[in-house]
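Q: First the structure, then my questions, so here it is.
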Amino acid sequence: MFRTSLSRTATRAVRTFSTTATKSSSIPLRICGRGTGTKQTITIKDKPYTIQTDTYPILGGADSAPSPVAYNLASLTSCNQVTGAKVAEDHGIKLGEWNVRLDAVLPTDVLVKGKCEGNPNWESVKLFVRVQTNILESVKGDNLEADARFRHFVREVERRCPITQLFKRSGLRPKGWETDPEHEYFNLSTLDYCVGQVYTNYALFFKLSPNANKSKIISTIKDGLEVTLTQCRQLCGTLEPQPDGNGGLCFHKTKDSTVELHVQFLDTVEHELDGEYRTFEALEAQHFASRALGNMNTWCVFPMTYGEKPEAQPSSRPKCAAFKITFIQGGFVFMMHHHHYTNDVMGWAGELHQLAENCAAVWANPTAPALPPWDPSCLDLSRVTAPDVPEDKKIDGPVSPLRHPDHKKAQWLLFHLSKSKTAALKEVASPKDGSYYISSYDAYNALIWRLLTKHRFALFHNISTDPANISFLWGEAVDMRRRFSNPPIGPRTQGNVVHVALSN
């Protein structure tokens, strides 16, 4: 018996399927349908048979024929058998009877109720297969050898079955997930609760040559992410109450948990002609500012765009992470999404560097990558976690204030200061008599604070108070990882290990 548990969620990204002829052999298909209401008769070009479909009464159907979702799952069960027969033929294995069972759950909030939030795709799909083989007989009763050969047969069926791969590639699993525990819980640290209930987005821009191997890029990032998810394990989970019922939150990862990876192609001829999407050259000319990207929904996985929204609140049990690759003319954009509770910016940076090293190893040798080390203590947040407060000592906090109506829309900016400019700025900011020391960090922050204050005052020009009597706020997140000693903590420690410095 072999069992394969497929992805819980499938990608909702727009996928462009190429119609370009390839040198390898292929099976051309043309499907046509005709019908009214919920019933349809489907024909396949040059075939004598037809397929009838209807749907369930909950969707307005009469249930007079199998539904499209039933056919979707039936294709998975039957394609495994077809592929298995071919694999067995190639490996000299004789097969007997197949016995297949599939259990699936399809959520209806989006499909039936039309809700804007949620996932219309399969919530879970589990495939169970029993098949008779002559493997044990062929190895003369050697159970260990028979087991090894059968497992190889299973892997080959999964690898070669197109419908299995359609499901499996809908979501990422950590590498080696088959031996993961059924449930893992990663409790939030005390500092995790101090950040916003928002999704954060980090975009990486890559310039490509015209002949870049996109397939290898996609497979490398996918394989690199699968390794990274075994290391930064909290990213696989959903934000949920801790199972002990003490009122705290945790990241709950199950054995079947997946993380969405979307791949989108906006570099095709039709996109080039309509000019709707930016080229790498155009983004570079605008210094990759967020306004140059336009509608962020184009680049992000729903609903993980930045902002305070119900989907990011703990009561919605939000997923922790997702990733999206978008190819554009001249390059691609890699968007990394995280719930802020999973990581601050330096926690993300640690994850990013680990991912980059994993991808570099996979790129160099896809079949046997020399993967970099990972320190498991980077998931240990005990040193920034205060003991639980006794229940009788807890109080209800104040209601969160509403956003001030005069707040303006803003965007994140990334500055790069060259060494020569840094030295010049530091010289200007330092006292002539050398009576005290000014670091590059001090000089840079003073300049930014000064410029922002000037522009804020001009922006909120209706302020009637004398500027001399106004306290202009300056705040900054400070990474605390490098400030731990006896012993130090790993520089790639995950979570929110951060302090906020505020002006008085």
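The values are calculated or read from the model by the stated rules, or taken from the named source; none is laboratory data. What you see is a predicted model; the values in this text were computed from it and never measured. Methodologically, a virtual Cβ is constructed for each residue, glycine included, from the backbone with ideal geometry; neighbour enumeration extends over all protein chains shown.
Q: So for the range 182-194 (the condition being in contact with a Pro (Cβ under 9 Å, 6 or more places away or on another chain) and acidic (Asp, Glu)), does at least one residue qualify?
A: So far as the range 182-194 goes, no, none of its residues is in contact with a Pro (Cβ under 9 Å, 6 or more places away or on another chain) and acidic (Asp, Glu).
Q: Separate question: Take the conditions without any contact (Cβ under 8 Å) to a residue 40 or more places away in the chain and under 22 Å from the mean Cα position of the chain (by Cα) and apply them to LEU166. Does it pass? Please lay out each step first, then the result.
A: Numbers: without any contact (Cβ under 8 Å) to a residue 40 or more places away in the chain: yes; under 22 Å from the mean Cα position of the chain (by Cα): yes.
Spelling it out, LEU166 is indeed without any contact (Cβ under 8 Å) to a residue 40 or more places away in the chain and under 22 Å from the mean Cα position of the chain (by Cα).
Q: Among (1) farther than 23 Å from CYS320 by Cα; (2) in contact (Cβ under 8 Å) with a residue 12 or more places away in the chain, there is one condition PRO401 misses while meeting the rest; what is its number?
A: (2) is the only condition that PRO401 fails.
Q: Given the structure, is GLY247 among the small types (Gly, Ala, Ser), assigned by TED's automatic domain parsing to the domain that holds ASP380 and surrounded by fewer than 21 Cβ atoms within 10 Å (Cβ to Cβ)?
A: yes
Q: Going residue by residue through the range 146-154, is there one that turns out to be free of Cβ contacts under 8 Å to residues at least 60 places away in the same chain, under 28 Å from the mean Cα position of the chain (by Cα) and within 26 Å of GLY224 (Cβ to Cβ)?
A: No, that holds for no residue.
Q: Only residues that are surrounded by 10 or more Cβ atoms within 10 Å (Cβ to Cβ) and out of contact with any Lys or Arg (no Cβ under 8 Å at 6 or more places or on another chain): list them for the range 379-389, please.
A: Here is the first cut: in the range 379-389, the ones surrounded by 10 or more Cβ atoms within 10 Å (Cβ to Cβ) are 379-381, 383-385, 388-389.
ASP380, LEU381, ARG383, VAL384, THR385, ASP388, VAL389 - these are the residues of the range 379-389 that are surrounded by 10 or more Cβ atoms within 10 Å (Cβ to Cβ) and out of contact with any Lys or Arg (no Cβ under 8 Å at 6 or more places or on another chain).
Q: Only residues that are among the hydroxyl-bearing types (Ser, Thr, Tyr) and either within 29 Å of THR326 (Cβ to Cβ) or modelled with pLDDT under 95 (or both): list them for the range 13-42, please. Please lay out each step first, then the result.
A: Within the range 13-42, the subset among the hydroxyl-bearing types (Ser, Thr, Tyr) is 16, 18-20, 22, 24-26, 36, 38, 41.
Selection gives THR16, SER18, THR19, THR20, THR22, SER24, SER25, SER26.
Q: Can you tell me which residues in the range 52-99 are surrounded by 16 or more Cβ atoms within 10 Å (Cβ to Cβ), touching a strand residue (DSSP E or B) at 6+ places or on another chain (Cβ under 7 Å) and among the hydrophobic types (A, V, I, L, M, F, W, C)?
A: ALA65, LEU73, LEU76, ALA88, ILE93, LEU95 - these are the residues of the range 52-99 that are surrounded by 16 or more Cβ atoms within 10 Å (Cβ to Cβ), touching a strand residue (DSSP E or B) at 6+ places or on another chain (Cβ under 7 Å) and among the hydrophobic types (A, V, I, L, M, F, W, C).
Q: Sticking with this one: Can you confirm whether PHE251 is farther than 19 Å from PRO174 by Cα and either outside any strand (DSSP E or B) or not hydroxyl-bearing (Ser, Thr, Tyr) (or both)? Walk me through it before giving the result.
A: Details: farther than 19 Å from PRO174 by Cα: no; either outside any strand (DSSP E or B) or not hydroxyl-bearing (Ser, Thr, Tyr) (or both): yes.
Judged against the criteria, PHE251 is not a match.
Q: Related question: Pull out all pairs, ordered by first then second residue, where Cβ-Cβ is under 9 Å, the residues are six or more apart or on different chains, the first lies in the range 79-100 and is in the same structural domain as ARG149 (by TED's automatic domain parsing) and of a type in the set (Lys, Arg), and the second is loosely packed, with under 15 Cβ neighbours inside 10 Å and outside any helix (DSSP H, G or I).
A: Final answer for the pair search is LYS94/GLN132; LYS94/ASN134.
Q: Something else about it: For the range 210-244, give me each residue that is surrounded by fewer than 19 Cβ atoms within 10 Å (Cβ to Cβ) and assigned to a strand (DSSP E or B).
A: The first filter runs over the range 210-244 and keeps only residues surrounded by fewer than 19 Cβ atoms within 10 Å (Cβ to Cβ), leaving 210-216, 218-219, 222, 230, 238, 240-244.
Listed by number, the residues that qualify are THR238, GLU240, PRO241.
Q: Here is a list of conditions, (1) in a loop (DSSP other than H, G, I, E, B); (2) free of Cβ contacts under 8 Å to residues at least 60 places away in the same chain; (3) closer than 29 Å to CYS320 by Cβ, and SER189 meets all of them except one; can you say which number that is?
A: (2)
Q: Going residue by residue through the range 395-418, is there one that turns out to be in a helix (DSSP H, G or I) and closer than 26 Å to CYS250 by Cα?
A: First, pick out the residues of the range 395-418 that are in a helix (DSSP H, G or I): none.
Looking for residues that are in a helix (DSSP H, G or I) and closer than 26 Å to CYS250 by Cα, one finds none in the range 395-418, hence no.
Q: Does ARG291 count as out of contact with any Gly (no Cβ under 6 Å at 6 or more places or on another chain), assigned by TED's automatic domain parsing to the domain that holds ILE217, modelled with pLDDT under 90 and within 24 Å of SER209 (Cβ to Cβ)?
A: Details: out of contact with any Gly (no Cβ under 6 Å at 6 or more places or on another chain): yes; assigned by TED's automatic domain parsing to the domain that holds ILE217: yes; modelled with pLDDT under 90: yes; within 24 Å of SER209 (Cβ to Cβ): no.
Against the criterion (out of contact with any Gly (no Cβ under 6 Å at 6 or more places or on another chain), assigned by TED's automatic domain parsing to the domain that holds ILE217, modelled with pLDDT under 90 and within 24 Å of SER209 (Cβ to Cβ)), ARG291 does not qualify.
Q: State whether one or more residues within the range 443-452 are assigned to a helix (DSSP H, G or I), among the small types (Gly, Ala, Ser) and at pLDDT 85 or above.
A: We begin by selecting, within the range 443-452, every residue assigned to a helix (DSSP H, G or I); these are 443-452.
Next, from what is left, pick out any that are among the small types (Gly, Ala, Ser): 443, 446.
Still in the running and at pLDDT 85 or above: 443, 446.
Yes.
Q: Taking ASP392 as meeting all but one of (1) within 27 Å of PRO314 (Cβ to Cβ); (2) out of contact with any Lys or Arg (no Cβ under 8 Å at 6 or more places or on another chain); (3) not in a helix (DSSP H, G or I), write down the number of the exception.
A: Every condition holds for ASP392 apart from (3).
Q: Can you find, within the range 343-370, the residue that is nearest to the chain's Cα centre (by Cα) among those that are buried (at least 18 other Cβ atoms within 10 Å of the Cβ) and part of a loop (DSSP other than H, G, I, E, B)?
A: Per the criteria, the residue is ASP344.
Q: Of all the residues that make up the range 101-137, how many are touching a residue at least 12 places away in the same chain (Cβ under 8 Å) and either surrounded by 15 or more Cβ atoms within 10 Å (Cβ to Cβ) or in a loop (DSSP other than H, G, I, E, B) (or both)?
A: 23
Q: If you check THR77 against the conditions, is it closer than 17 Å to VAL131 by Cβ and out of contact with any Ser or Thr (no Cβ under 8 Å at 6 or more places or on another chain)? Working first, answer last.
A: Values: closer than 17 Å to VAL131 by Cβ: yes; out of contact with any Ser or Thr (no Cβ under 8 Å at 6 or more places or on another chain): yes.
When the stated conditions are applied, THR77 passes them.
Q: Taking the condition of being assigned to a strand (DSSP E or B), more than 23 Å from THR268 (Cα to Cα) and touching a His at 6+ places or on another chain (Cβ under 6 Å), how many residues in the range 290-335 meet it? Talk me through it step by step, then tell me what you get.
A: Within the range 290-335, the first condition is being assigned to a strand (DSSP E or B), and the residues that meet it are 307-308, 319, 321-328, 331-335.
Narrowing the set further to residues that are more than 23 Å from THR268 (Cα to Cα) leaves 307-308, 319, 321-322.
Checking the rest, the ones that are also touching a His at 6+ places or on another chain (Cβ under 6 Å) come to 321-322.
Total satisfying the criteria: 2.
Q: Out of all the residues in the range 193-209, is one or more part of a loop (DSSP other than H, G, I, E, B), over 17 Å from the mean Cα position of the chain (by Cα) and free of Cβ contacts under 8 Å to residues at least 24 places away in the same chain?
A: Looking for residues that are part of a loop (DSSP other than H, G, I, E, B), over 17 Å from the mean Cα position of the chain (by Cα) and free of Cβ contacts under 8 Å to residues at least 24 places away in the same chain, one finds at least one in the range 193-209, hence yes.
Q: Exactly one of these conditions fails for LEU417: (1) touching a Phe, Trp or Tyr at 6+ places or on another chain (Cβ under 9 Å); (2) under 30 Å from GLY245 (Cα atoms); (3) hydrophobic (A, V, I, L, M, F, W, C). Give me its number.
A: Status for LEU417: all satisfied but (2).
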